[in-house]
Amino acid sequence: MPSPFDLHSHSIVSDGTLTPTQLVEHAAAQGVRVLALTDHDDIGGLAEAAEVAARHNIAFINGVEVSVTWHKRTIHVVGLKVSPAHEPLVKGLEAIRAGRHARAEGMAAGLDEIGITGSLEGAYSYAKRGIISRSHFARFLVETGHAKDISAVFKKYLVKGKPGYFEHRWAELDGAIGWITGSGGVAVLAHPGRYDLGRTNMATLLAEFRELGGAGIEVVTGSHTPEQYGHFARLAHQFGFLASLGSDYHGPGHGYMDMGRLPDLPPGCVPVWQDWPEAEAIH
Ligand code: AMP
Ligand code: MN
Ligand code: MN
Ligand code: MN
């Protein structure tokens, strides 16, 4: 039986392809009972999703996935149960979104230099409701025939050292955690297996994350292998973190795992939802 929880997902408010309404409807069809929408750096989809979730008997969790720069690396911090009215969170996310716009201009300038014109407008044509991201440039570049698919386009144009990559500084780790916890939310380190950190750096990150008020890490996510479920379950235990679970779904055919497919947390994990009233009806 797959897990009825999904605490990491995206809508068109960030780089997903479904509207918040469609996303919640899809979650319901896939058997999800407790759902968090965690758009990148934007909480503009939460009200719509919450309303639709109520009609589908889904317990809805207000979430966000904050982009952070930690020692020159980009890491993602998921906030669960955030209050969308909390001023520092609202202002902090606004600042990140403004930075995204400036970064997009830099990306487009880089692509202009190699003769790919119109990418700023092209990318924005996919980003109608919230943030602008590399995913929107990727869709434009695939549509205009510059690569065969999204994964190829990232490799060729959008990663460090490539023409469409533009160095950018995101939020500070302590700032992001502070906005989340200050709003009453729980800060969870997203997909730790994706950061390509060695043992020592991972231990440093986890210790610092904990020290700054982070309470959980994603153990089961669409971007971890089953071996990584076990590995990060052990690290969660070792560092005293709650464990979270989420698909990181971005819409149909987007290379990420579908909703309603993830297994339960490995035995021994303390779920991030352990004392949530929303989770009481489950299991
Ligand atoms: P950004 O926050 O603008 O840097 O965009 C990051 C987003 O791009 C991630 O959240 C993913 O959804 C997507 N992404 C990053 N790398 C890849 C990749 N190699 N293939 C497909 N999507 C990717
Ligand atoms: Mn994304
Ligand atoms: Mn992420
Ligand atoms: Mn995500």
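Throughout, read-outs are computed from the coordinates displayed, never taken from laboratory work. For clarity, every value in this text was computed on a predicted model and none was experimentally measured. Every residue, glycine as well, gets a Cβ built from its backbone with ideal geometry; the counts of neighbours run over all protein chains shown.
Laid out as a table, the results:
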| read-out | value |
| --- | --- |
| 10 Å Cβ shell holding at most 15 others, DSSP loop, GluC sites (Glu not before Pro): longest site-free stretch of the chain | 1-166 |
| Neighbour-limited loop hits for trypsin sites (Lys or Arg not before Pro), region 1-95 (at most 10 other Cβ within 10 Å; DSSP other than H, G, I, E, B) | K72 |
| Net charge over other residues, Cβ less than 14 angstrom from the Cβ of E105 (K, R count +1; D, E count -1) | 0 |
| Charge dipole magnitude, Cβ of K and R +1, D and E -1 - region 61-193, Cα centre, debye nearest 20 | 300 debye |
| Table column - 3J(HN,Hα) (Hz), region 51-63, Karplus curve with 6.51, -1.76, 1.60, x for Gly and Pro | 5, 5, 4, 4, 6, 10, 6, 9, 6, 9, 10, 5, x |
| Bridge type composition, the chain - antiparallel percent by DSSP, nearest 5 | 40 percent |
| Surrounding net charge for V24, when Lys and Arg each add one and Asp and Glu each subtract one, Cβ distance under 14 Å | -3 |
| Along principal axes, Cα extents of the chain, largest first, whole Å | 55, 45, 38 |
| Candidates V219, V159, V82: whichever shows maximal mean-square fluctuation once the chain is modelled as a Gaussian network with Cα springs under 10 Å | V159 |
| Among T19, T221, T117, residue whose mean-square fluctuation peaks in a GNM of the chain (springs only between Cα atoms under 10 Å) | T117 |
| Amide H partners (placed H, <5 Å) of I61, local residues excluded | L35, A36, L37 |
| Normalised per residue, the volume of the convex hull around the Cα set of region 131-283 (Å³) | 150 Å³ |
| Lys/Arg +1, Asp/Glu -1 at C-beta; the chain dipole; positive extreme among G164, Y256, P20 | G164 |
| For the chain: relative contact order, % (alpha-carbon pairs under 8 angstrom, 6 or more apart) | 22 percent |
| Karplus-derived 3J(HN,Hα), 6.51/-1.76/1.60, for each residue of region 24-32, Hz, glycine and proline x | 5, 4, 5, 4, 4, 4, 8, x, 6 |
| Per-residue [θ]222 nm for the chain (sum of -39500 (n - 2.57) over DSSP H runs n ≥ 4, rounded to 500) | -11500 deg cm²/dmol |
| Sequence-distant residues sharing a close amide H with Y249 (under 5 Å, placed H) | H10 |
| ³J(HN,Hα) computed for each position of region 233-242 - Karplus, 6.51 cos²θ - 1.76 cosθ + 1.60, integer Hz, glycine/proline x | 5, 5, 5, 4, 4, 4, 9, x, 9, 5 |
| Net dipole in debye of region 168-218 [+1 Lys, Arg Cβ; -1 Asp, Glu Cβ; about Cα centre; nearest 20] | 100 debye |
